[in-house]
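Structure record follows, encoded as structure tokens.
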Amino acid sequence: MAQRLVSVWQPFFLAGKDRDAVLDAAVELEELGYHRLWFSGGFDPGVPARFREILDGTKRLGVAPGILSIWHANPADAAAFTRAAEQDHPGRFLLGLGASHAVLVDNTGGQYRKPYSRMVEYLDALDAAGIAPEQRVLAALGPRMLELSRDRARGAHPYFVPAEHTEQARAALGSEALLAPEVAVVLEADADRARAVAREYTTGYLTLPNYTNNLRRLGWTDEDLAGGGSDRLVDALIPWGTPAQVAEGIEKHFRAGADEVTIQVLGVDAKTFPADAFRALAAALG
């Protein structure tokens, strides 16, 4: 596809309680030129109304769950939401689906069993409901889910991956599928402070087998995965530094084959929107 789209991934848009503040932030991202807004679909049943609120409150900005849990939102609800969004806002809603993680699913009322088979069944149900593959994207890390993203969806939305995974994912997906990795960043030029902020994020994710198994496939060792991640791993996963240095880290994913990079700014709580950071990154990325 050879696109270079810059998007935003930020938990603020689901966690934020103030609808007006959320819409103000979304409008600013649209005005800054960001392509799409991604945020989690959470673990409540159905598709959060927040996605529709943002579509209604903006003009061009794309919106996508990153991701909607296939254990919590049933295919009928996902299909109905996607159909209505496409009717009212053509081409702006992309249904991001994922299997999440066993510990998170089982602790939030779901039953995590055979995630690949469940995803295939979910996609079959979406097909039957008239939701085309081009309207959906899958959270994919390993080879089988990447192949499913290629064959049964518009493409893949990997999360918590270094640029080396983006390169391998592009090879697995082929040239036509969408590849939109999430990339978390820290706007801090001091190495110790930047890595400390990054480890507040990496420490939890490095307890989840989906992510650690993926990193081991890429050659990272148990020593790299311990203690919130080695400096080498943290630096590979989390671009940090000045806006120009962070932009170079994002460019690595584009050079590796990404069509769209979804930027998550670290160092703020989930209810704070890092507006200054996204302004600086918009300028640095041109």
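Within region 111-144, which residues are out of contact with any strand residue (DSSP E or B) (no Cβ under 6 Å at 6 or more places or on another chain), hydrophobic (A, V, I, L, M, F, W, C) and open to solvent by less than 50 Å² (accessible area, probe 1.4 Å)?
Hits for region 111-144 are Met119, Val120, Leu123, Ala125, Leu126, Ala129, Ile131, Ala132, Leu141.
Specify which of the listed residues (Ile54, Ile70) is surrounded by 16 or more Cβ atoms within 10 Å (Cβ to Cβ) and either of a type in the set (Asp, Glu) or farther than 30 Å from Ala283 by Cα (or both). First the steps, then the outcome.
Working: Ile54 fails: either of a type in the set (Asp, Glu) or farther than 30 Å from Ala283 by Cα (or both).
Going through Ile54, Ile70 in turn, just one is surrounded by 16 or more Cβ atoms within 10 Å (Cβ to Cβ) and either of a type in the set (Asp, Glu) or farther than 30 Å from Ala283 by Cα (or both): Ile70.
Identify the residue in region 215-246 that is on the phi > 0 side of the Ramachandran plot and part of a helix (DSSP H, G or I) and, among all such residues, is surrounded by the fewest Cβ atoms within 10 Å (Cβ to Cβ).
Gly227
Can you find even one residue in region 258-281 that is open to solvent by 10 Å² or more (accessible area, probe 1.4 Å), among the charged types (D, E, K, R) and at pLDDT below 95?
Yes, there is a match, as at least one residue in region 258-281 is open to solvent by 10 Å² or more (accessible area, probe 1.4 Å), among the charged types (D, E, K, R) and at pLDDT below 95.
Could you grab the pairs with beta carbons closer than 7 Å, sequence gap of 6+ or different chains, first residue in region 27-38 and closer than 14 Å to Val261 by Cβ, second one open to solvent by 10 Å² or more (accessible area, probe 1.4 Å) and in a strand (DSSP E or B)?
Tyr34/Val6; His35/Leu5; His35/Val6; Trp38/Trp9
Which ones in region 163-182 are outside any helix (DSSP H, G or I), touching a Pro at 6+ places or on another chain (Cβ under 9 Å) and surrounded by fewer than 23 Cβ atoms within 10 Å (Cβ to Cβ)? First the steps, then the outcome.
Keep residues of region 163-182 that are outside any helix (DSSP H, G or I), which gives 174-182.
Going one step further and asking which of them are touching a Pro at 6+ places or on another chain (Cβ under 9 Å), we end up with 179-182.
Selection gives Glu182 alone.
Suppose the filter is in a loop (DSSP other than H, G, I, E, B), under 23 Å from Asp276 (Cα atoms) and at pLDDT below 95; does Lys59 pass it? Reasoning before the result, please.
Details: in a loop (DSSP other than H, G, I, E, B): yes; under 23 Å from Asp276 (Cα atoms): yes; at pLDDT below 95: no.
No, not satisfied.
Check Thr212, Thr202 and return the single one that is in a helix (DSSP H, G or I), open to solvent by less than 10 Å² (accessible area, probe 1.4 Å), without any contact (Cβ under 8 Å) to a residue 60 or more places away in the chain and among the polar types (S, T, N, Q). Quick ask: steps written out before the conclusion?
Details: Thr212 fails: open to solvent by less than 10 Å² (accessible area, probe 1.4 Å).
Step by step, each of Thr212, Thr202 is checked, and only Thr202 is in a helix (DSSP H, G or I), open to solvent by less than 10 Å² (accessible area, probe 1.4 Å), without any contact (Cβ under 8 Å) to a residue 60 or more places away in the chain and among the polar types (S, T, N, Q).
Give me the helices (runs of 4 or more DSSP H) completely within region 100-159, filtered to those with at least 3 residues that are under 25 Å from Gly219 (Cα atoms), ordered by residue number. Even if it seems obvious, please write down each step before you answer.
Numbers: elements: 102-106, 115-128, 143-152.
Passing ranges, in order: 143-152.
The values are calculated or read from the model by the stated rules, or taken from the named source; none is laboratory data. Computed from a predicted structure; not experimentally measured. So basically every Cβ, Gly included, is an ideal-geometry build from the backbone, and we count neighbours across all protein chains shown. Accessible surface areas use protein heavy atoms only, side chains included; no ligands, DNA or RNA. Shrake-Rupley method; radii C 1.70, N 1.55, O 1.52, S 1.80 Å.
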